[in-house]
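Rule-based calculations on the coordinates, nothing more; no lab input. In this text, all values refer to a predicted model and were calculated from it rather than measured experimentally. When we count neighbours, we look across all protein chains shown, and the Cβ atoms used for this are built from the backbone with ideal geometry, even at glycine.
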């Protein structure tokens, strides 16, 4: 089996949990089962709310990346703390996406602790 990340993870944020996952995610292809933490975005409406709240744009600005719809973006470990600060900025005013923000905060915090890249698959 050899498939693209977007076939498994249509929309969401992925954090590798072991070295095999790190290698396969870095290649943007999955060859064998991998261990990951996946924060899915369940539908187009949820993605629209997240986009309208400016969360992804703020991460883009803070990290020099281009996360947008229909993109696969690798966020290097050395930029995750910047992404975390961007997510935490004004987080209290995002009621409609509060659960996503809380979960993304946790995922990014764990990524900082393990010093592993994070993948945004949209």
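The figures follow:
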read-out	value
Difference of contour (0.36 nm per residue) and Cα-Cα distance, residue 18 to residue 72	17.4 nm
Extension gain, residue 102 back to residue 61 (0.36 nm per residue minus Cα-Cα distance, nm)	12.8 nm
Separation of alpha-carbon centers, the stretch 8-57 and the stretch 72-122, rounded to whole Å	11
CD proxy at 222 nm, helix term only [per DSSP H run n ≥ 4: -39500 (n - 2.57); per residue of the chain; nearest 500]	-13500 deg cm²/dmol
Whole-number percent relative contact order across the stretch 49-122, with pairs defined as alpha carbons under 8 Å at least 6 apart	41
Distance between modelled label sites at residue 6 and residue 32, nm, 7 Å Cα→Cβ extension	2.7
Relative intensity, log₁₀ I(q)/I(0), of the chain from a Debye sum that treats every alpha carbon as a point, q = 0.17, 0.19, 0.20 Å⁻¹	-0.80, -1.01, -1.12
